[in-house]
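No value in this document is a laboratory result; all are computed from the given coordinates. These numbers come from a predicted model, not from an experiment. All Cβ positions, even for glycine, are placed from backbone atoms using ideal geometry, and neighbour counts span all protein chains on display.
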Amino acid sequence: MEMLINLADRIERFLQRVASLGAWSFIACIIVITIDVVTRKMGFQVPGLGSTRLQELEWQLHTLLFSTWLGYAYVRNAHVRIDVFTGGMDAQRKIKLELICCLLVALPYLAIALPYSHSFFMTSLLQGESSEAPNGIPYRWIVKFFLYGGLILVAMAVVNVISRCLVALYGSAEQVKRVHLPFAK
């Protein structure tokens, strides 16, 4: 059980670091959106940054932000959760349900999605894919890498939650106290 706690702690620290770095894309996105709005309303363009490039950069920065935060959001229980079914459950039942859902839904989904997202990224990289717009952003494989990387982070988060659920269900009283499961409160 100690190994599972240590693994979960290391994964959570890594996810937190990635999310902290990815959070800077939010600032960049605000700047890009501001430049795009101001230049369109004023009727001028920044050389090399037309409206098409700026709008493509906006959605790429949104993708980066979403992808780098998705795994950490799951670990911290900051994602959308429908508590209609679990609202009246005690902590043990919530933990069991989470574990079952991780094993029967999340892991099979990731087993299918990860290979496809890897192929999606690699095809784009090997083809040197760029924007379809003549004045769009080159290197579209970068944003596709973040989609793939985001799923890897989600897989890590699922391993984290499974580890913590197992410790919460089968660990000693001392180990259970060290497990952080915000959804089980």
- Can you give the convex hull volume per residue for the Cα atoms of segment 1-153, as a whole number of Å³? 149
- May I ask you to order 131-138, 157-164, 74-81 by the average number of other C-beta atoms within 10 Å around their residues, highest value first? 157-164, 74-81, 131-138
- Task: May I ask for log10 I(q)/I(0) of segment 61-143 at q = 0.15, 0.20, 0.25 Å⁻¹, from a Debye sum over the Cα atoms as equal point scatterers with solvent left out?
- Result: -0.76, -1.05, -1.28
- Candidate lysines - alpha carbon under 27 Å from K96, same-chain residues fewer than 8 apart omitted: K177, K185
- Note on the structure: In cubic angstrom per residue, the convex hull of segment 106-155 built on its Cα atoms measures 63
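Shape verdict for segment 99-185, please, from the Cα gyration tensor: rounded (a/c under 1.5), prolate (a/b greater than b/c) or oblate. Before the final figure, lay out each step's value.
Working: a/c = 4.38, a/b = 3.04, b/c = 1.44.
Taking the square roots of the gyration eigenvalues as a ≥ b ≥ c, segment 99-185 is prolate.
Go ahead and estimate [θ] at 222 nm for the chain from helices alone: -39,500 (n - 2.57) per DSSP H run with n ≥ 4, summed, over the residue count, rounded to 500.
On the way: 7 runs with 133 residues, N = 185.
Using -39500 (n - 2.57) per qualifying helix, the result is -24500 deg cm²/dmol.
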- Message: Starting from a Cα-only point model with no solvent, please compute log10 I(q)/I(0) by Debye for segment 30-76 at q = 0.17, 0.21, 0.22 1/Å.
- Response: -0.54, -0.68, -0.72
- Working from Cα positions, state the angle (0 to 90°, nearest 10) between the long axis of helix 91-101 and the longest principal axis of the chain. 50
- Item | C-alpha long axis of helix 24-42 to longest principal axis of the chain, angle in ° | 30
- Message: Using only the alpha-carbon atoms, how far is helix 51-75 inclined from the longest principal axis of the chain? Give it as 0 to 90 degrees, nearest 10.
- Response: 10
